[in-house]
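Working notes, beginning with the structure itself.
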Amino acid sequence: MHRRTPPLAPLAGAAGALVVVVATIASCSAPGAAAPPEPSMTTGAPTPATTAPALEPSADPTAAPSAVPTAEPSAEPTAAPTASAGSEQAFVTQIGNAAFEVPRGWTVRDESRVGLDHEAQDQWMNNVVLLDDSGRELLRYIDGAIDAQGQITAGWGMVEQRPIAAAIPDESGVPTAAASWWVEGEAGVQVFASVTLVPDGEAPWGIVPAGDARSAQFIADLSLLDACQQVVDVADAEACLESDDVAELMAVLATLEQHAVPRDAMP
């Protein structure tokens, strides 16, 4: 039996804000505010989640995700960018474990490759970027050996939830959804839109189970949207997350279909 990503439920409660570790997707935050800790695709044994040391504990901890790859690949990327054919069409990962709709005029850049999982074994790591018709990298799907760490936040608010097309259930029964939400902490107010686990009474975690020894993140880069350029308070955050641009991204996130594959599945 292979080791799974460190348990997430205790992490959200103890550390306050969950951060996933894998692809480079930034959240939109208050100008000048420090970016939250970011997720990364790791190699070797998993690193325990930690609380950001510069932040003071809060009476109302919550969760905020984002992402960054650090694993050295053991194989070169295998797929060149592919263009959407003038209408929405499904993209399927090379190992068939995830699929989602690509909007008309958008392109897909597949940077997936072989990396090392938490047991230093080869594992296929999906890393797929969706670019709009202006070339903005608005969405990224990642899965494989993902770690998480925490950060304290003072408050949060959900703006929208949508069920995804097909989810791999979480063992503890926490539901999966496409969600948009804001969090507030010492770094200011930040906004997120992603496919995520949504625990009862807590901010979303920004990460979902993806089968045998595999976790996933499907997240939007809201910092590229005009409506989210100036987020300095909760009113700005809600205006950003209620915008037509975020609604379009939420519609794509909700098309995600997950399918279980073995830990060592390869193209």
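The values are calculated or read from the model by the stated rules, or taken from the named source; none is laboratory data. All values reported here derive from a predicted model rather than from experimental measurement. Here the Cβ positions follow ideal geometry from the backbone for every residue, glycine too, while neighbour counts run over all protein chains shown. To get the accessible areas, we keep the full protein, side chains included, count just its heavy atoms, and leave off ligands, DNA and RNA. Shrake-Rupley method; radii C 1.70, N 1.55, O 1.52, S 1.80 Å.
Inspect all residues belonging to the stretch 196-212 and state whether any of them is in contact with a helix residue (DSSP H, G or I) (Cβ under 8 Å, 6 or more places away or on another chain), closer than 18 Å to GLU242 by Cβ and open to solvent by 10 Å² or more (accessible area, probe 1.4 Å). Within the stretch 196-212, none of the residues are in contact with a helix residue (DSSP H, G or I) (Cβ under 8 Å, 6 or more places away or on another chain), closer than 18 Å to GLU242 by Cβ and open to solvent by 10 Å² or more (accessible area, probe 1.4 Å). Residues in the stretch 226-240 include none that are in a loop (DSSP other than H, G, I, E, B) and either touching a Lys or Arg at 6+ places or on another chain (Cβ under 6 Å) or under 30 Å from ALA260 (Cα atoms) (or both). Among the residues making up the stretch 116-131, those that are at pLDDT 95 or above, surrounded by 16 or more Cβ atoms within 10 Å (Cβ to Cβ) and over 18 Å from VAL195 (Cβ atoms) are GLN123, TRP124, LEU131.
Every condition in (1) open to solvent by 40 Å² or more (accessible area, probe 1.4 Å); (2) within 25 Å of GLN121 (Cβ to Cβ) is met by VAL232 except one, and the failing one is (2).
Just give me the residues in the stretch 141-160 being touching a Phe, Trp or Tyr at 6+ places or on another chain (Cβ under 9 Å) and either open to solvent by 20 Å² or more (accessible area, probe 1.4 Å) or among the polar types (S, T, N, Q) (or both), in sequence order. Listed by number, the residues that qualify are TRP156, MET158, VAL159, GLU160.
The lone criterion from (1) of a type outside the set (Val, Ile, Thr); (2) without any contact (Cβ under 8 Å) to a residue 12 or more places away in the chain; (3) open to solvent by less than 20 Å² (accessible area, probe 1.4 Å) left unmet by SER134 is number (3). Summed over the stretch 160-194, the residues that are over 17 Å from the mean Cα position of the chain (by Cα), in a loop (DSSP other than H, G, I, E, B) and touching a residue at least 40 places away in the same chain (Cβ under 8 Å) give a count of 3.
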